[in-house]
Amino acid sequence: GAGVSQSPRYKVAKRGQDVALRCDPISGHVSLFWYQQALGQGPEFLTYFQNEAQLDKSGLPSDRFFAERPEGSVSTLKIQRTQQEDSAVYLCASRDPPSYEQYFGPGTRLTVT
Amino acid sequence: AQSVTQLDSQVPVFEEAPVELRCNYSSSVSVYLFWYVQYPNQGLQLLLKYLSGSTLVKGINGFEAEFNKSQTSFHLRKPSVHISDTAEYFCAVSEPGGTSYGKLTFGQGTILTVHP
């Protein structure tokens, strides 16, 4: 079926605003990852879900970042009280274990002004 | 902890010339290795992966890479590049199993620019 989709593709937020970024993984993929890609850098791991369970959130940079996947499919990454350093592309990827291949969405480019 | 170093941030090359993009990693355990390509305003696409077996792996678009355990390297090569290969390339590692559940650690990327 379709690949991983993310929305919105672009988001501009004023400093202090809350934002919500959505990820629709490939249907049936139990594993879902969020990564943050700062300008000129490689992606960095944020958090991992297996179905609805968040098994690893060690990469979330602060308690302003929160992710959920309540029904084991769509996931939302929420950033509260955005700061300029949150400006980045947020990538979502899904995987169908035992395969190790992750399929990436096009990303959401967040700009905090 | 794992880390990945891509030794060249930018690689310019002429069309039809060969190219090598270098990647070194460090890890205290065995790893799986990947190369991804990112075109402007697009997500990452897997080029090739090494999980086990033959150390020479072939991927899409004519790319190949060789895993060298003693040198902890996984360099990407293509014998003849095209203009359409212009993109950013990322090397990544993942721990098999364990608590990491396959999360990827990426290098900083190499921008390949192919000139006519």
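The values are calculated or read from the model by the stated rules, or taken from the named source; none is laboratory data. Nothing here was measured: the structure is a model prediction, and the numbers come from that model. Note: ideal-geometry Cβ built from the backbone for every residue, glycine included; neighbour counts use all protein chains shown. These area figures cover heavy atoms from the full protein model, side chains too; ligands, DNA and RNA do not enter into them. Shrake-Rupley method; radii C 1.70, N 1.55, O 1.52, S 1.80 Å.
How large is the charge dipole for the stretch A:1-108, taken about the Cα centre, if only the Cβ atoms of Lys, Arg (+1) and Asp, Glu (-1) carry charge, to the nearest 20 debye?
420 debye
Other chains' Cβ within 10 Å of A:93-101 residues: what's the mean?
3
So what does log10 I(q)/I(0) come out to for chain A at q = 0.11 Å⁻¹, using the Debye formula with one equal point on every Cα and no solvent?
Taken in order of the listed q values, log10 I(q)/I(0) reads -0.31.
Heavy atoms of the protein only, probe of 1.4 Å, neighbouring chains included. What is the accessible area of residue B:111 in Å², nearest 10?
Counting only protein heavy atoms, residue B:111 exposes about 70 Å² to solvent.
Please say if the stretch B:1-99 is rounded, prolate or oblate, where rounded means a/c under 1.5 for a ≥ b ≥ c the square roots of the C-alpha gyration tensor eigenvalues, and otherwise the choice is prolate for a/b larger than b/c and oblate otherwise?
Cα axes put the stretch B:1-99 in the prolate bin.
Once you place label points 7 Å from the Cα toward the Cβ at residue B:71 and residue A:87, how far apart are they in nm?
4.0 nm
Just in the stretch A:1-51: which chymotrypsin sites (Phe, Trp or Tyr not before Pro) are loop by DSSP and have at most 16 other Cβ atoms within 10 Å?
Loop-located and lightly packed - none at all.
Below 9 angstrom from the Cβ of residue A:38, what's the summed charge of the other residues (Lys, Arg +1; Asp, Glu -1)?
-2
Summing Lys, Arg as +1 and Asp, Glu as -1, what charge do residues with Cβ under 14 Å from the Cβ of residue B:17 carry, residue B:17 excluded?
Here the charged neighbours net out to -2.
Report relative contact order for the stretch B:16-102 in percent, whole number only (criteria: Cα-Cα under 8 Å, sequence separation at least 6).
Relative contact order comes out at 39 percent.
Which of the lysines could a cross-linker span from residue A:57 if the Cα-Cα distance has to be under 29 Å and same-chain partners fewer than 8 positions apart are dropped?
Counting by Cα, and skipping residues close in sequence, residue A:57 has these lysines nearby: A:11, A:14, A:78, B:49, B:103.
Could you compute how fast the protein assembly as shown diffuses translationally, taking Rh as the Kirkwood radius over C-alpha pairs and applying Stokes-Einstein at 37 °C with viscosity 0.692 mPa s? Give it in µm² per second.
Calculated translational D: 181 µm²/s.
If one computes the Cα centroid of the stretch A:5-62 and of the stretch B:46-69, what distance in Å separates the two points?
Centre-to-centre (Cα) distance: 28 Å.
Please give me the summed charge of the neighbours of residue A:82: other residues whose Cβ is under 11 Å from its Cβ, Lys and Arg +1, Asp and Glu -1.
+3
Across the stretch A:102-113, in residue order, what do the Karplus-derived ³J(HN,Hα) couplings come to in whole Hz, using 6.51 cos²θ - 1.76 cosθ + 1.60 with θ = phi - 60° and x for Gly and Pro?
Working through the residues one at a time gives 9, 9, 9, x, x, x, 10, 8, 9, 10, 9, 9 Hz.
Can you give the FRET efficiency for residue B:41 and residue A:66, using 1/(1 + (r/R0)^6), R0 = 41 Å, r = Cβ-Cβ distance, to the nearest 0.05?
Efficiency, from the Cβ-Cβ distance: 0.95.
Once you charge only the Cβ atoms, +1 for Lys and Arg and -1 for Asp and Glu, what is the size of the charge dipole of the stretch B:1-113 about its Cα centre, to the nearest 20 debye?
The calculation lands at about 340 debye.
Considering chain A as a Gaussian network with a 10 Å cut-off on Cα pairs, which listed residue, A:62, A:27, A:99, attains the greatest mean-square fluctuation?
Taking springs between Cα atoms under 10 Å, the residue moving most is A:99.
What FRET efficiency comes out for the pair residue A:101/residue A:80, r = Cβ-Cβ distance, R0 = 30 Å, nearest 0.05?
0.40
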